[in-house]
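Let me begin by presenting the structure, written as structure tokens, before commenting on it.
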Amino acid sequence: GDRGHTLTRELSAGVRYLGSDRRPRLLVLMYGLASMVEGFLDTLLVVLAFEILGTGQSGVGILNTALGVGGIVGAAIALVAGTRERLSPAFSAGTALYGLPIVATGAAPGLSPLFLGMTGCGGVLLDVSLKVLPVARGTRTVSRRIDAQGALDLLAATARRGMPVTGS
């Protein structure tokens, strides 16, 4: 129906935008990969607890708790990081803390609670750096006098190409 057509049109517009502007490509790619890893992580915890560590259901609980505690630490760090003008340091730290400990878990499974705590911390930092708008250095107001038809034409043109605008 119409809803499916709208979704397809919006997805196509997003892909075209990523094709035309290289700046957001890395962020979109990293966020997509992080989302995939997050999905794999649930399975990894179960396999790690049952098959590698031999701790069964309680091991799954311990590993999930480690992720949660790391997330709390990450949230405390994100409180500071989210108030900065630039979020790229939080993005870099979050990416490293999210991915590298998972790799390290393969090398030293006995330290997996520590590593998964780091992963939890990195996951929160990554989420904050990708979802929170940085604090603006300044503001700019643009105004112009146009008639109603001119305003509609300008609105239509802006809707076609997109414009990074925030409002408060």
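The table that follows gives values for the structure above.
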quantity: Contacts under 8 angstrom Cβ, first residue in the range 54-75 being under 20 Å from LEU125 (Cβ atoms), partner among the polar types (S, T, N, Q), 6 or more apart; calculated: LEU63/SER112; ALA66/SER112; LEU67/THR119; GLY70/THR119
quantity: Test: residue in the range 69-78 that is more than 16 Å from the chain's Cα centre (by Cα), open to solvent by 80 Å² or more (accessible area, probe 1.4 Å) and not hydrophobic (A, V, I, L, M, F, W, C); calculated: no
quantity: Residues of the range 100-114 satisfying the condition of being in contact (Cβ under 8 Å) with a residue 24 or more places away in the chain and open to solvent by 30 Å² or more (accessible area, probe 1.4 Å); calculated: ILE102, PRO109, GLY110, PRO113, LEU114
quantity: Residue tally, condition assigned to a helix (DSSP H, G or I), at pLDDT below 90 and of a type in the set (S, T, N, Q), over the range 35-89; calculated: 2
quantity: Checking SER92 against (1) among the hydroxyl-bearing types (Ser, Thr, Tyr); (2) open to solvent by less than 20 Å² (accessible area, probe 1.4 Å); (3) within 30 Å of LEU11 (Cβ to Cβ), the condition it does not meet; calculated: (2)
quantity: The range 7-26, residues that are of a type in the set (Asp, Glu) and either open to solvent by 100 Å² or more (accessible area, probe 1.4 Å) or in contact with a strand residue (DSSP E or B) (Cβ under 7 Å, 6 or more places away or on another chain) (or both); calculated: GLU10
quantity: Of the criteria (1) at pLDDT below 75; (2) open to solvent by 100 Å² or more (accessible area, probe 1.4 Å); (3) closer than 30 Å to ALA78 by Cα, which one VAL135 fails; calculated: (2)
quantity: Per-region count, the range 38-53, residues open to solvent by less than 60 Å² (accessible area, probe 1.4 Å) and either at positive phi or without any contact (Cβ under 8 Å) to a residue 40 or more places away in the chain (or both); calculated: 2
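The values are calculated or read from the model by the stated rules, or taken from the named source; none is laboratory data. Only a predicted model underlies this, so the values are computations on that prediction, with no experimental measurement involved. Don't worry about glycine lacking a Cβ; one is built from the backbone with ideal geometry, like all the others, and counts go over all protein chains shown. Note: areas computed on protein heavy atoms with side chains; ligands, DNA, RNA excluded. Shrake-Rupley method; radii C 1.70, N 1.55, O 1.52, S 1.80 Å.
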